[in-house]
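Participant: Encoded as structure tokens, here's the structure I'll be asking about.
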Amino acid sequence: MTDLRALHAADLPLVRTRQLGSTRIHALDAGLQRLDGGAMFGVVPKPLWERRIPADERNRIPLGLRCLLVETTDDLVLIETGLGNKENEKFVGIYGIENAAPDGSGLPDRLHEAIREAGFRADDVSVVVNTHLHFDHAGGNTFRDEGGEVRLSFPRARYYVQRREWEYAHGTNERTRASYLAHNFDPVEAAGQLHLLNGEAEVVPGISVFMTPGHCPFHQSVLVRSGEETACFLGDVIPTMAHLPLAWIMGYDVEPLRTLESKRALLRRAVAERWLLVSTHDPLTAWGYVEDEGKGVVLMDVE
């Protein structure tokens with residue numbers, strides 16, 4: 001069994017690929033961060049959550065920065081962009097971030113290394129979808145080049161997020177301010193490549209978004225459909241597979257009771273329609289199916 005307290009980004013596979021109907025999808029490992037375990041599990045007592053993901057000496061647990069690359073007929077779609085390379089050493093130390101590209105690669109971060117490992121380049125990405133604009137989900141929208149300039153990571157892409165999430169990110173308060181860093185998303189608007197959505201929508205054929213509020217008020221999750229198969233990129237409505245129990249909700253969530261209802265509805269559909277659930281932050285498990293065993297859902301067929 002993997003000792004999660006000793007887990008490092010280098011221990012994780014850069015890319016995991018599978019078929020979804022006639023579509024190829026790639027789970028990309030964009031690195032690790034470490035956040036306080038109590039904050040990640042809210043009111044759940046530590047003796048319970050630590051059985052799932054043990055904490056280090058600073059009470060932090062390892063969390064993946066997983067993104068999903070989808071090859072559609074006409075587009076290469078990237079769902080989520082990880083944390084990026086723009087933050088200073090103090091920030092990196094506080095959050096225990098491991099997402100650097102290999103020395104000498106010339107790449108901005110580990111996400112770009114994973115994209116290359118999957119057989120593509122940043123210029124090949126034509127669509128980016130952010131579930132929300134927190135720094136660990138949208139930080140890789142942009143990167144800081146060797147001259148210190150912030151540039152778009154995917155210069156040929158259209159970037160999609162909810163309109164009201166965009167507005168929320170620009171109207172922060174003392175509770176939410178630390179999560180939204182303007183250099184992750186304002187340059188996208190300045191470049192004319194930002195596309196704002198109003199609720200449930202199809203982004204490109206086969207890829208759509210639906211609202212899963214709670215973590216933040218305008219959070220969205222992403223559905224990828226091909227043939228009779230469906231995958232759901234969860235985002236932070238269910239950040240790790242340890243958060244599958246309905247009451248296991250992050251202390252970071254600004255509206256936890258809305259998270260509860262978002263989870264309930266999502267998991268009901270996931271069981272009934274046999275969705276492949278794709279986890280953003282689970283340190284080891286990229287995806288899996290769930291079954292209802294009466295007292296709650298159980299993860300099956302994991303990888």
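Participant: Check whether at least one residue in the stretch 196-207 is part of a strand (DSSP E or B), of a type outside the set (Lys, Arg) and within 14 Å of HIS132 (Cα to Cα), and report yes or no. Spell out how you get there, then give the answer.
Facilitator: Within the stretch 196-207, the subset part of a strand (DSSP E or B) is 196-197, 201-204, 207.
This time we only want the ones that are of a type outside the set (Lys, Arg), so: 196-197, 201-204, 207.
Pick out the ones that are also within 14 Å of HIS132 (Cα to Cα) and you get 196-197.
For the stretch 196-207, residues part of a strand (DSSP E or B), of a type outside the set (Lys, Arg) and within 14 Å of HIS132 (Cα to Cα): present.
Participant: Please list, ordered by first then second residue, the pairs with beta carbon atoms under 7 Å, 6 or more apart or interchain, first in the stretch 149-172 and over 15 Å from ALA190 (Cβ atoms) and touching a residue at least 12 places away in the same chain (Cβ under 8 Å), second acidic (Asp, Glu) and surrounded by fewer than 17 Cβ atoms within 10 Å (Cβ to Cβ).
Facilitator: Short answer, once both residue conditions are applied: ARG156/ASP123.
Participant: Could you tell me whether the stretch 150-165 includes any residue that is among the aliphatic types (A, V, I, L, M), outside any strand (DSSP E or B) and more than 19 Å from the chain's Cα centre (by Cα)?
Facilitator: Looking for residues that are among the aliphatic types (A, V, I, L, M), outside any strand (DSSP E or B) and more than 19 Å from the chain's Cα centre (by Cα), one finds none in the stretch 150-165, hence no.
Participant: Separate question: Please report, ordered by residue number, the strands (runs of 3 or more DSSP E) entirely within the stretch 244-303 with at least 1 residues that are of a type in the set (Phe, Trp, Tyr) and either modelled with pLDDT of 95 or more or exposed (fewer than 15 other Cβ atoms within 10 Å of the Cβ) (or both). Before you say what the answer is, go through the steps one by one.
Facilitator: Details: elements: 275-278, 287-292, 297-300.
Fully inside the stretch 244-303 and qualifying: 275-278, 287-292.
Participant: Please go through (1) surrounded by fewer than 23 Cβ atoms within 10 Å (Cβ to Cβ); (2) out of contact with any Gly (no Cβ under 7 Å at 6 or more places or on another chain) for ASN85 and return the number of the only condition it doesn't satisfy.
Facilitator: The one condition ASN85 does not meet is (1).
Participant: How about the stretch 11-79: which strands (runs of 3 or more DSSP E) wholly inside it have at least 1 residues that are of a type outside the set (A, V, I, L, M, F, W, C) and buried (at least 24 other Cβ atoms within 10 Å of the Cβ)? Walk me through how you get there before you give the answer.
Facilitator: Numbers: elements: 15-20, 23-36, 60-71, 76-79.
So the answer is 23-36, 60-71.
Participant: Exactly one of (1) more than 19 Å from SER279 (Cβ to Cβ); (2) surrounded by 16 or more Cβ atoms within 10 Å (Cβ to Cβ) is unmet by ASN99. Its number?
Facilitator: Checking ASN99 against (1) more than 19 Å from SER279 (Cβ to Cβ); (2) surrounded by 16 or more Cβ atoms within 10 Å (Cβ to Cβ), the one that fails is (1).
Participant: Sticking with this one: Could you count how many residues in the stretch 210-234 are outside any strand (DSSP E or B) and surrounded by 19 or more Cβ atoms within 10 Å (Cβ to Cβ)? Let's see the steps before the verdict.
Facilitator: So the first thing to find is which residues in the stretch 210-234 are outside any strand (DSSP E or B), and the list is 212-219, 227-228, 234.
Among the residues that remain, those that are also surrounded by 19 or more Cβ atoms within 10 Å (Cβ to Cβ) are: 212-216, 218-219, 234.
Here the count works out to 8.
Participant: Looking at ALA100, is it part of a loop (DSSP other than H, G, I, E, B), farther than 19 Å from PRO239 by Cα and within 19 Å of the chain's Cα centre (by Cα)?
Facilitator: For ALA100, the condition - part of a loop (DSSP other than H, G, I, E, B), farther than 19 Å from PRO239 by Cα and within 19 Å of the chain's Cα centre (by Cα) - is met.
The values are calculated or read from the model by the stated rules, or taken from the named source; none is laboratory data. What you see is a predicted model; the values in this text were computed from it and never measured. Here Cβ is always computed from backbone atoms with ideal geometry, including for glycine, and neighbour counts include all displayed protein chains.
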